[in-house]
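**Student:** If you scroll down you'll find the structure; I have some questions about it.
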Amino acid sequence: MNACNIFSDKKNNASLTNNDESNVIKNLNAEIAGQPKNAALYYKRGIAYKSLKQDSLALNDFQTCTQLDSTVAKYYSAVGDILFEHKDITGSVKWFEKALSLNPDDEKAHLKMAKLFLYIEEFPKAFVEINTVLKGNVYNAEAYFLKGMCYKSMKDTNKAISSFQTAVQTDPKFVDAHLQLALIYDDKKDAIALKYFENAYKVDTNNLEPLYGQAMFWQKQQNFTEAKKVFKRMILRDRSYAKSYYNTGWMLMQEDSTEKAIRQFDIAIQNKPDYADAYYNRGICKEILEKHQEALEDYNQAISFNIDYLPYKEAQQRVSKKIKK
């Protein structure tokens, strides 16, 4: 099977450039040249390719592993894992089933099967896979996380919270579990959501989405002062994060600080030139200031990025009539 026919990698899926090629892969290439039938070497290289998001190359290597040594469960599990991640759910099943036939204790395969059943909403089957893992390893944080996702999908919020909490207790660096807890409490308008957003951010300070969640918690509560503090914190961390400026501008609009709002939308657009909502809201500000031609230009620009969005079209028509008068 040619992996390149299944999906495309983010980079060139035929080969890595010299700049992208890691020393690990170079060394493995040399080893494989000397031992072309050593499945373990292909597996190591597949892992390295996967870390570089070269999934087609990784898939080819993992499939080669299964051809060279059909007795190792993790080789089949690795193939199934990539297919699953690329939404080939049906194609992934046979690989996980083969992995489990070789090693009934393969935690990764059980959890991938659980994800599959979660995806198709076969929750009892998902729980069977999850509980199989937990019987052998009560410290598997991903198993508790998936159990929480099942309960969340089943609208059993209390059990979902309990499962996600167990996941973060087992692995305090489990970002997705922190985020799920944050989202649940955010829906409840419970300020404990802020703690879980902060926990997620501390695990990976390069990811500003948890801070964005914090800021939006305050914004939705109409507490613009606190929201602006968080957005300012985000800007200090990353001056190119366009949503920080956009939301600050939106709040300034609500406070009738139109000129200040325009400056924030300007910066948002500078950092994200296709930011349709920023053009639209800047257009509203210009319209408020009776700069109708400038407003029309912004509405036209917003429409160019989202031609079917009705509010943009309505604004365009409205200001066009004002210009004709």
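Readers should treat all values here as calculations from the given coordinates under stated rules, not as data from a laboratory. A quick note: this is a predicted structure, and the numbers were derived from the prediction, not measured.
**Student:** Enumerate the calculated ³J(HN,Hα) couplings along the range 180-197 in order (Karplus 6.51 cos²θ - 1.76 cosθ + 1.60, θ = phi - 60°), each rounded to whole Hz, writing x wherever the residue is Gly or Pro.
**Tutor:** Residue by residue, the range 180-197 yields 4, 5, 4, 5, 5, 5, 4, 4, 7, 6, 9, 5, 4, 4, 4, 5, 6, 4 Hz.
**Student:** Now, a different point. Provide Rg over Rh for the chain; use the alpha carbon set for both Rg and the Kirkwood Rh (inverse mean inverse pair distance).
**Tutor:** Across the chain, the Cα-based Rg/Rh ratio is 1.08.
**Student:** Compute a Gaussian network model of the chain, connecting alpha carbons closer than 10 Å, and tell me which residue from 315, 99, 78 fluctuates the most.
**Tutor:** Its mean-square fluctuation being the largest, the pick is 315.
**Student:** Evaluate the relative contact order of the range 151-195 (contact order divided by residue number), counting alpha-carbon pairs under 8 angstrom at least 6 apart; express in whole percent.
**Tutor:** Over the range 151-195, the number comes to 25 percent.
**Student:** What are the ³J(HN,Hα) couplings of the range 114-131, residue after residue, when phi is run through the Karplus curve with 6.51, -1.76, 1.60 and θ = phi - 60°? Round to Hz, x for glycine and proline.
**Tutor:** 3J(HN,Hα) across the range 114-131, in whole Hz: 4, 4, 4, 5, 5, 4, 9, 6, 9, 5, x, 5, 5, 5, 4, 5, 5, 5.
**Student:** In sequence order, what are the phi-derived ³J(HN,Hα) couplings for the range 291-304 according to the Karplus relation 6.51 cos²θ - 1.76 cosθ + 1.60 with θ = phi - 60°, rounded to whole Hz, with x for glycine and proline?
**Tutor:** 9, 5, 5, 5, 4, 4, 4, 5, 5, 4, 5, 4, 5, 4
**Student:** For the range 70-85 and the range 283-316, what is the centre-to-centre distance using only Cα atoms, to the nearest Å?
**Tutor:** The distance from the Cα centre of the range 70-85 to that of the range 283-316 comes to 50 Å.
**Student:** Specify the residue with the greatest mean-square fluctuation among 74, 228, 94, computed from a Gaussian network of the chain linking alpha-carbon atoms under 10 Å apart.
**Tutor:** 94
**Student:** Now a separate question. Comparing 111, 146, 41, which has the greatest mean-square fluctuation in the GNM of the chain with Cα pairs linked when under 10 Å apart?
**Tutor:** Greatest mean-square fluctuation among the candidates belongs to 41.
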